[in-house]
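Laboratory data are not the source of any read-out in this text; all were calculated from the coordinates shown. Being a predicted model, the structure only gives us computed values, none of them experimental. Ideal geometry is used to build each Cβ from the backbone, glycine not excepted, and the neighbour counts take in all protein chains shown.
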Number of protein chains: 2
Amino acid sequence: MWLDEVKWDDAGLVPAIAQDAASGRILMMAWMDREALQLTAATHEAHYYSRSRRKQWRKGEESGHVQQVQELRLDCDGDVIVLQIKQLGAIACHTGRQSCFYRRLEQGAWIVTDPVLKDPSTIYSNGKA
Amino acid sequence: MWLDEVKWDDAGLVPAIAQDAASGRILMMAWMDREALQLTAATHEAHYYSRSRRKQWRKGEESGHVQQVQELRLDCDGDVIVLQIKQLGAIACHTGRQSCFYRRLEQGAWIVTDPVLKDPSTIYSNGKA
């Protein structure tokens with residue numbers, strides 16, 4: 001079975017990279033457990049596993065920023081996933097930005113390059129990510 | 001200091017995603033320790049840390065498939081790096097393919113979509129990745 005070909009780490013997780021299918025921009029990296037990956041493939045909506053909250057979650061379940069999955073890929077070692085997605089709401093990051101990778105290294109400092117598109121306090125009803 | 005803003009995991013590592021700066025294709029994901037990231041920024045050539053070999057390495061040191069780094073980004077949580085690179089030799093994967101993500105999920109199976117561009121036995125002088 002395809003899920004058995006994934007090499008889960010000691011915590012039962014793999015990194016999953018979400019890439020915007022249209023622009024090619026890398027929007028975020030999160031973690032998946034077996035159930036999250038299975039649900040992602042079955043529903044075509046990205047599911048992840050939160051290591052801090054210790055629970056599986058559907059991306060956008062609070063924010064509405066659902067990720068529609070168009071393709072799933074596995075790497076040579078079987079321990080990293082890439083998702084080609086359509087990002088609903090055009091915001092992937094809990095800070096209200098398009099991408100989580102909004103800081104660029106410039107002359108020895110991480111410089112913020114991307115604007116906040118939406119105030120996070122208006123994204124999450126309970127004020128949390 | 002910028003290296004102190006990176007949230008290293010319990011093993012002192014962060015995932016680093018290498019993206020082709022021209023095509024946008026995600027070529028590989030590997031791990032970096034503090035020294036690898038520092039060397040990457042200083043030399044503009046990607047350095048990683050091999051968890052299996054337990055040593056830091058310069059990408060392409062055996063194969064010649066050096067990654068010239070054009071940009072480094074850090075994510076919102078400070079625990080994932082994205083590198084925009086130019087891939088010398090046009091091969092990032094130790095299997096001799098352009099990208100490590102050469103398998104796509106189709107109807108419950110991982111299907112190989114990418115050709116081997118170069119026989120791995122001719123890439124590595126000692127036959128190892």
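Arranged by the count of other C-beta atoms within 10 angstrom, fewest first, what order do A:THR122, A:THR43 take? Write down the numbers at each step before the final one.
On the way: A:THR122 10, A:THR43 13.
In order of increasing Cβ crowding within 10 Å: A:THR122, A:THR43.
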Could you please state, rounded to a whole Å, how far the C-alpha centre of region B:53-114 is from the C-alpha centre of region A:53-125?
20 Å
Shortest first and in nm with one decimal, please list how far the B:LEU117 label point sits from its counterparts in the other copies (point 7 Å along Cα→Cβ).
3.2
So how tilted is helix B:34-43 from the main axis of chain B? Cα-based, degrees 0 to 90, rounded to 10.
80 degrees
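If r is the Cβ-Cβ distance from A:GLN38 to B:ASP79 and R0 is 25 Å, what FRET efficiency results, to the nearest 0.05? Intermediate values should be presented prior to the final figure.
Working: r = 25 Å, r/R0 = 1.00.
The computed FRET efficiency comes out at 0.50.
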Shortest-first nm distances, A:ASP9 label point to equivalent points in other copies (7 Å, Cα→Cβ)
0.1
In a Gaussian network model of chain A with springs linking alpha carbons closer than 10 Å, the residue among A:GLN70, A:GLN84, A:GLN19 that fluctuates most is A:GLN70
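To the nearest 0.05, how large is the calculated FRET efficiency for B:GLN107 and B:GLU71 if R₀ is 22 Å and r is the Cβ-Cβ distance? Let's see the in-between values first.
On the way: r = 37 Å, r/R0 = 1.69.
For R0 = 22 Å, the calculated efficiency reads 0.05.
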Compute the Cα gyration tensor for region A:64-107, then decide on rounded, prolate or oblate, letting a ≥ b ≥ c be the square roots of its eigenvalues: rounded whenever a/c is under 1.5, prolate when a/b is larger than b/c in the other cases, and oblate in all that remain.
oblate
Can you compute the FRET efficiency between A:ASP10 and B:VAL116 using 1/(1 + (r/R0)^6), with r the Cβ-Cβ distance and R0 = 25 Å? Round to the nearest 0.05.
0.20
Karplus-derived 3J(HN,Hα) from phi for region A:96-109 (6.51 cos²θ - 1.76 cosθ + 1.60, θ = phi - 60°), whole Hz, x at Gly and Pro, runs x, 9, 4, 10, 5, 9, 9, 10, 10, 6, 9, 6, x, 8
Setting aside same-chain residues fewer than 8 positions from B:LYS7, which lysines have a Cα under 29 Å from its Cα?
A:LYS7, A:LYS55, A:LYS59, A:LYS86, A:LYS118, A:LYS128, B:LYS55, B:LYS59, B:LYS86
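Under 1.5 on a/c is rounded, so check that first for the protein assembly as shown, then, if it is not, pick prolate when a/b is larger than b/c and oblate when it is not; a ≥ b ≥ c are the square roots of the alpha carbon gyration tensor eigenvalues.
On the way: a/c = 1.72, a/b = 1.23, b/c = 1.40.
Judged from the Cα gyration tensor, the protein assembly as shown comes out oblate (a/c at least 1.5, b/c at or above a/b).
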Nearest-to-axis residue of chain B, judged by beta-carbon position, where the axis maps B onto A, in Å:
B:GLY24, 1
Give the average, rounded to an integer, of partner chain Cβ atoms located within 10 angstrom of each Cβ in B:18-28.
3
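Take A:SER99, A:SER121 and order them by how many other Cβ atoms sit within 10 Å, fewest up front.
Details: A:SER99 23, A:SER121 9.
In order of increasing Cβ crowding within 10 Å: A:SER121, A:SER99.
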The relative contact order of chain B, taking Cα pairs under 8 Å that sit 6 or more residues apart, comes to a percentage of 21 percent
